[in-house]
Amino acid sequence: MRRTATDSIAPDEGDGLPGTSGRPPGAKATGPGDRSGPGRPAPGARSRILRRREALAGLAFVAPMLVLFVVFRFGPTLGAAFLSVTDYRLSGEWTFIGAGNYTRLLGDDLFWESLGVTAVYTVLYVPMTVALALGTAVLLHRTLWMRGFFRGLFFLPYVTSIVLAAVIWKWIYEVQDGLLNASLGVIGVGPVDFLGSESLVLPSIAAASAWKGFGYSMLILLAGLQSIPREVTEAATIDGASGWQRFRWVTLPLLRPVLFFVLVIEAILGFQVFDAMYVMTAGGPVRASYSLVYFLYDSGFKFFDFGYASAVGLVLFLVVLVFSLVQRRLIGRDAD
């Protein structure tokens, strides 16, 4: 018998009419791999839900520390901003004076003198610390024997108390019985009053602070050096580059993001110097080591002029911010 076209249609491929087992026109085919059935979200929706849950879980873990950071970091900053526009006294009484403290700062010669001392100290401290940290990091990167021991040894001054380190270096700089002057006396030089000379006091304190603080930057730079692919330096060696050429044209450009971070951190620490000057020289001689933070300390805790001291603190914040932006412009613009 001759079959017609309609006879070849299987019973389960109907047109979706009631009573047939076929699917309606336009309905998606379902198979064993299709799990988006009734009451179950689509795969894309499930991935979004999982990402949202992971984000909430991560936020729950960091929330306690985030709250502490906001309260104890931004809270004092906002409080200082409020105090800087008031005449706040130790008794708790305050009077709103607007920009009076800032106008007073502009005409205060002691403020400009302390700002100049801080700028000179920072210019001395930052290159010393970064050069010392970079040099030791390069040496540790190339040293295989007892690397962990030397890394801990160089990092040890960083975890030492700044007051203890300042006292030790004050003994080293002593005119009569100091270790440095005793060593200079062997070669017929000295004695030199390192902390009593207006021209030597800032370099001397900067050297002591660099010894104290280079360990942290050393570890950061060492991690940056270890992240540089070895294939790059090996290719430069094959091309005939010397050790200095490899360091200058290969290592330093690849280390620029880490170097920018270290420079910013050390610059901030330089502008915030206080402890070493307080212990070693008490701001002398003739205020040659009288930093901006020292000026802030005297204003707030010696003369109890808290509004004026808060204005000094905010000016210091702006100075550090501008300095960091300038560094970003000059050094870190290609770090990305």
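The values are calculated or read from the model by the stated rules, or taken from the named source; none is laboratory data. Remember, predicted model here, so these are calculated numbers, not experimental data. Quick reminder, even Gly has a Cβ in these numbers, built from the backbone with ideal geometry, and neighbours come from all protein chains shown. Note: accessible area is taken over every heavy atom of the protein model, side chains too, but ligands, DNA and RNA are not part of it. Shrake-Rupley method; radii C 1.70, N 1.55, O 1.52, S 1.80 Å.
Which whole-number percent is the relative contact order of segment 104-332 (Cα, under 8 Å, 6+ apart)?
Reported as a whole number, the value is 28 percent.
With a 1.4 Å probe and every protein chain left in place, work out the accessible area per residue of segment 104-332 in Å², rounded to a whole number.
Averaged over the residues of segment 104-332, the accessible area is 52 Å².
As a test of the formula, what do you get for the chain when each DSSP H run with n ≥ 4 contributes -39,500 (n - 2.57) and the sum is divided by the residue count, at 222 nm and rounded to the nearest 500 deg cm²/dmol?
After summing the helix terms and dividing by the residues of the chain, the value is -19500 deg cm²/dmol.
When the chain is fully extended, how far beyond the present Cα-Cα distance does GLU93 get from PHE261, taking 0.36 nm per residue of separation?
Stretched fully, the GLU93-PHE261 segment lengthens by 56.3 nm.
Would you indicate which of [x] -0.42; [y] -0.29; [z] -0.38 is the value of log10 I(q)/I(0) by the Debye sum over Cα atoms at q = 0.06 Å⁻¹ derived from the coordinates of this structure?
[x]
Of ARG329, ARG246, which has the most accessible area with a 1.4 Å probe, and how do the rest follow in descending order?
Largest accessible area first, the list is ARG329, ARG246.
Kindly sort GLU234, GLU54 by accessible area of their heavy atoms, largest first, with the probe set to 1.4 Å.
GLU54, GLU234
Taking 7 Å along the Cα-to-C-beta vector as the label spot, tell me the ILE238-VAL71 distance in nanometres, rounded to one decimal.
Inter-label distance under the simple model: 5.9 nm.
What does the accessible area of TRP211 come to, in Å² to the nearest 10, when a probe of 1.4 Å is used?
Accessible surface of TRP211 is approximately 90 Å².
Quote the accessible area belonging to ILE268 in square angstrom, nearest 10, computed with a 1.4 Å probe and with ligands, DNA and RNA left uncounted.
Probe radius 1.4 Å; accessible area of ILE268 about 50 Å².
Could you look at the chain and say what percent of its accessible area is carbon and sulfur, using a 1.4 Å probe and all protein chains?
Answer for the chain: carbon and sulfur cover 66 percent of the accessible area.
Let me cross-check MET128: its accessible surface, 1.4 Å probe, with only protein heavy atoms counted, in Å² to the nearest 10?
About 70 Å², ignoring ligands and nucleic acids.
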